[in-house]
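The next block holds one structure in the form of structure tokens; read it before the comments.
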Amino acid sequence: MSIAGPLRVMMVAGEPSGDALGGSLLCELHGLVHGSIEAFGVGGPWMAQYGLESIFPMHELSVMGIAEVLPRIPNLRRRIAETIALAVLMQPDVLITIDSPDFCFRVARQVRRQAPGIKIIHYVAPQVWAWRRGRARKIARYIDHLLALLPFEPPIFIDAGLPCTFVGHPVIERAAVSQAAEKFREHHFIPPQAPLLAVLPGSRLSETSRLLPVFGEALKLLVRAVPDLHAFTATVPGVANSVIAAAADWPVRPIVTKDAGEKAAGFAACDAALAASGTVSLELAINAIPHVIAYKVNPLTAMIARQFLKISNVNLINLVLGETLIPELLQEACTPANVAGAVLSLLRAPRPSPTAELQRIGMKRALNTLGMGGEKPSLRAARAVLAVLEAG
């Protein structure tokens, strides 16, 4: 399916994972549209590669948690107003909002009221199956079409009156290349048999500020048990400086990268990972990397969230399997001792450990359930966008 250009696309992403989704989608749209694409809105380096001009730095929106958001409300309101004004002024053929529902849905609601002729597509279905299921019907009032990453999501939204297409998760397009593992280790002088741990503290300052101290103390405990341990840390520009500063005091000096290619090579080379909860867990699963999830938010945020959550796990792999295959060390459980113990079970000799092998088997089963195969998810997403436009 294709459409004649030029096509004027406004895209809005609020964090690095959304920027990556938008970049892949924009790339595929360029391939399908017979003509030029004018892309503008809010995004980061991934979307900028494919021509998107951002009206302000995306990292200003990368904050999570009720208590964490409160001090930022005045600036967030100003950025919401600027984004709405841009849509109304430019009148794009389509407005594509990506994840970050607290920001994106506020924008979408006002654009629907002030410029009802603009088609609005949201990419990444909000997790109404986890909490506030009634949101689905409300979202249908101002979103024309929803692009879902998970196969069980479309029926929920279609029943609420919102057209929804399952496209799959584009993270599978960034699977590590096994041939890169040997080169990565050689380049960084890591012996072939030395254990390599990926340390991934998140992409928001609100995440890294809470997790980096815990991860650093956990590494001190791990080094006592695994003296030849090496570490690799992938980060993003908005938090890179804080990650590098914190890592300077770690007992293991990690390889720190902001480069996507280097990250993929590091994933190919590592034996296990310690990561903040989020999209990266699916990326680790796709690359068959055993891992531990840890996360902390402001206590007030945690207390409120516990009142609404309807699920026993937060990790997608665990949710799909219906069991806690991937350790989830959340809030009070997110301590250096707990983190070190869980990671050690993945690194313990003989390598790979039985625990690590069980994770690999379970992750493969979960990914098969999620329908990860066939046409590229970002290409399916691009075709769905064009189908909405061609349908008028």
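So A125 ticks every box in (1) at pLDDT 95 or above; (2) assigned to a loop (DSSP other than H, G, I, E, B) but one. Which box is left unticked?
(1)
If we scan segment 205-224, do we find a residue that is without any contact (Cβ under 8 Å) to a residue 12 or more places away in the chain and either in a helix (DSSP H, G or I) or at positive phi (or both)? Even if it seems obvious, please write down each step before you answer.
Of all residues in segment 205-224, those without any contact (Cβ under 8 Å) to a residue 12 or more places away in the chain come to 224.
With either in a helix (DSSP H, G or I) or at positive phi (or both) added as a condition, the list becomes 224.
Yes, some residue in segment 205-224 is without any contact (Cβ under 8 Å) to a residue 12 or more places away in the chain and either in a helix (DSSP H, G or I) or at positive phi (or both).
Only residues in segment 78-99 that are at positive phi count as the first member; pair them with residues that are assigned to a helix (DSSP H, G or I), Cβ under 9 angstrom, at least 6 apart or cross-chain, and list the lot.
D99/S17; D99/G18; D99/L21
From E182, E207, grab the single residue that is acidic (D, E) and under 25 Å from the mean Cα position of the chain (by Cα).
After applying the criteria, what remains is E207.
Kindly provide the set of residues from segment 234-279 that are polar (S, T, N, Q) and free of Cβ contacts under 8 Å to residues at least 12 places away in the same chain, ordered by number. Spell out the reasoning first.
Taking segment 234-279 first, the residues polar (S, T, N, Q) are 235, 241-242, 257, 277, 279.
The one that is polar (S, T, N, Q) and free of Cβ contacts under 8 Å to residues at least 12 places away in the same chain: N241.
Would you pick out the residues in segment 366-389 that are modelled with pLDDT under 80 and buried (at least 18 other Cβ atoms within 10 Å of the Cβ)?
Hits for segment 366-389 are L370, M372.
Checking the condition on the phi < 0 side of the Ramachandran plot, in a helix (DSSP H, G or I) and surrounded by 17 or more Cβ atoms within 10 Å (Cβ to Cβ), which residue from D102, D19 passes?
D19
Being in contact (Cβ under 8 Å) with a residue 40 or more places away in the chain and surrounded by fewer than 24 Cβ atoms within 10 Å (Cβ to Cβ) is the filter here; which residues of segment 22-32 pass it?
Let us first name the residues in segment 22-32 that are in contact (Cβ under 8 Å) with a residue 40 or more places away in the chain, namely 22, 24-25, 27-29, 31-32.
Of everything in segment 22-32, those that are in contact (Cβ under 8 Å) with a residue 40 or more places away in the chain and surrounded by fewer than 24 Cβ atoms within 10 Å (Cβ to Cβ) turn out to be S24, C27, E28, G31, L32.
Among residues belonging to segment 340-365 that are of a type in the set (G, A, S) and either more than 30 Å from V223 (Cβ to Cβ) or surrounded by 14 or more Cβ atoms within 10 Å (Cβ to Cβ) (or both), point out the one that is modelled with the lowest pLDDT. Spell out the reasoning first.
The first filter runs over segment 340-365 and keeps only residues of a type in the set (G, A, S), leaving 340-342, 345, 349, 353, 356, 362.
Adding the requirement that they be either more than 30 Å from V223 (Cβ to Cβ) or surrounded by 14 or more Cβ atoms within 10 Å (Cβ to Cβ) (or both) leaves 340-342, 345, 353, 356, 362.
Working: A340: 97, G341: 96, A342: 97, S345: 95, S353: 89, A356: 94, G362: 94.
Among those residues, the one meeting the criterion is S353.
Look at segment 70-99 and say how many of its residues are in a helix (DSSP H, G or I) and open to solvent by 60 Å² or more (accessible area, probe 1.4 Å). Don't jump to the end; show me each part of the working.
Initially, segment 70-99 is screened for residues in a helix (DSSP H, G or I), giving 70-90.
Filter again for open to solvent by 60 Å² or more (accessible area, probe 1.4 Å), leaving 70-72, 74, 77-78, 82, 89.
So the answer is 8.
The values are calculated or read from the model by the stated rules, or taken from the named source; none is laboratory data. The structure presented is a predicted model; accordingly, all values stated were derived computationally and were not measured. Cβ: placed from backbone, ideal geometry, glycine included. Neighbour counts: every protein chain shown. Accessible surface is based on the protein model in full, side chains and every heavy atom, while ligands, DNA and RNA are left aside. Shrake-Rupley method; radii C 1.70, N 1.55, O 1.52, S 1.80 Å.
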